[in-house]
1. Just to be sure before I move on: is Glu189 within 14 Å of Arg280 (Cα to Cα) and either away from the ligand (no atom under 16 Å from the Cβ) or modelled with pLDDT under 95 (or both) in the structure I sent?
2. Kindly evaluate Ala258 against the criterion of being within 15 Å of the ligand (Cβ to nearest atom), under 17 Å from Gly225 (Cβ atoms) and part of a helix (DSSP H, G or I).
3. Is one or more of the residues making up segment 281-292 crowded, with 22+ Cβ neighbours inside 10 Å, within 22 Å of Ser347 (Cβ to Cβ) and among the aliphatic types (A, V, I, L, M)?
4. Would you check if there is a residue in segment 296-304 being closer than 17 Å to Met175 by Cα, crowded, with 24+ Cβ neighbours inside 10 Å, touching a residue at least 60 places away in the same chain (Cβ under 8 Å) and of a type in the set (Asp, Glu)?
5. What about Asp357, is it free of Cβ contacts under 8 Å to residues at least 60 places away in the same chain, more than 15 Å from the ligand (Cβ to nearest atom) and surrounded by 20 or more Cβ atoms within 10 Å (Cβ to Cβ)?
6. Just to be sure before I move on: is Arg375 more than 18 Å from the chain's Cα centre (by Cα), farther than 14 Å from Gly296 by Cα and in a helix (DSSP H, G or I) in the structure I sent?
7. I'm told Ala364 meets every condition in (1) at pLDDT 95 or above; (2) assigned to a loop (DSSP other than H, G, I, E, B); (3) among the small types (Gly, Ala, Ser) except one. Can you identify the failing condition by its number?
Amino acid sequence: MQHRSETINPGLTRRQLLDRGCLSLFAASFASISPLAMQHVCDAKVNAASPSDEEPSADEQTPSPTVSLIKFRDEAGQETSVEGRVLVRASDGVLLEDSARRLWTIPSTRLEAETKTEQPFEFFDPAQLGSRLIEECRSAGIDSDFHVHTTENYVMAASTPEACSEWTGQLLERMQIAFQSYWKNRRFELTPLAAPLPVLILSNQTQFAKMAEFDRTPASATGQGYYLVTANRIVLFDLTASEADSPATTIAEVQRRAQRIPASVATVVHEATHQIAFNRGMHQRYADNPVWLTEGMAMYFEAPDLKSRRGWSGIGKVNTARLFRFREFLRTRRQPDSIETLIRDNSRFGDADLAIDAYSEAWALTYFLIRTRIREYSQYLTAISQKLPLRWDDPEDRLAAFESAFGADRTQLNRDFLNFTARLK
Ligand SMILES: [Zn+2]
């Protein structure tokens, strides 16, 4: 179990957490060769280069309908430029979204010139997005042949055989439908997608590690997948291609192998959950999303159902790996104010010694709230979904938002929570 914190560049601390907590359990439970997905925490706050101290007014939070061209100096001092729509104009800089949905934070101190055009802003179409994805892989130093596989809601660039991207595309599309209907039945209406979602599927860990370096999330390099908030894309690699085997060339063969490797499905579902939630109105990129909520949601959905022929079915199964860890935490280290420390800020997720326990508790708390207080949980989700970018809550705001949904009596809530989790199997 390892978690790392690191500084990517001066003034910007990115916490990249790798969760290796499930290796031993999965080895025991499934005799599998792989641990459960090692997850990249998408903590939008720490991805933001320059969150403003001064809160922008509501007017400055309305996305511009037209394209702006911004010239600025990058962190190395090089002149560069970017085109897109301005999402937020803060006193200390600009948050801009380009046509691939990548977010750019440009501090005033490095902004050279801004040209506002009359040109309406549009997202890339699937062909343009596919080309952009391949360009990024080339920039990362990945020379393989790529193909672009497009489905209703996704554009995938893959260096794998087509069978792998087709299998992944089918799983992702099933996820879209399942996620939408799950929340619709629980009074949270997802918004339609504004643009197709980008996905990279690399053929092996080496390419994946190169991409993680390029994305400046080196701690993800030894994981199995990540969702990058900035670029809005998922990056995966073919977990079904082991060194002993050549890559699977039919969808049926990918599926057969995936059934033997639970992480292959869990990773896709976990990262896809993040991406859907950030793109369909559940969370807002670069807003103050509590990590216990975003990760709890992804872990709630990731639990693989190995009896299913498709490897994933039935939402909300008990995540046995997380439950096992939570119980161990509960027996040995958990403090009476653990709910409070989990929700008031993200610090437990950023601490190498505490993060795996925090993950397990985030799963358990999410499971408990969805199963016993769905109306309150949906209200809380709605409140969080309305948060504006670049505004960061302090612990009191976090606690107040939680209390307004779930009540102020956390002692009773904790009692109910522990009684509930004690009965889980
Ligand atoms: Zn995650």
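The values are calculated or read from the model by the stated rules, or taken from the named source; none is laboratory data. Since the model is a prediction, treat every value here as computed from it, not as a measurement. Heads up, the Cβs are rebuilt from the backbone with ideal geometry, glycines too, and the neighbour counts pull from every protein chain shown.
1. yes
2. Judged against the criteria, Ala258 is not a match.
3. yes
4. Yes, that holds for at least one residue.
5. Considered against the rule, which asks whether it is free of Cβ contacts under 8 Å to residues at least 60 places away in the same chain, more than 15 Å from the ligand (Cβ to nearest atom) and surrounded by 20 or more Cβ atoms within 10 Å (Cβ to Cβ), Asp357 comes out as yes.
6. yes
7. Status for Ala364: all satisfied but (2).
Conditions (1) within 18 Å of Tyr367 (Cβ to Cβ); (2) within 11 Å of the ligand (Cβ to nearest atom), marked per residue:
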position	(1), (2)
Thr222	no, no
Gly225	no, yes
Thr230	no, no
Ser246	no, no
Ala252	no, no
Val268	no, no
Thr273	yes, yes
Met282	yes, no
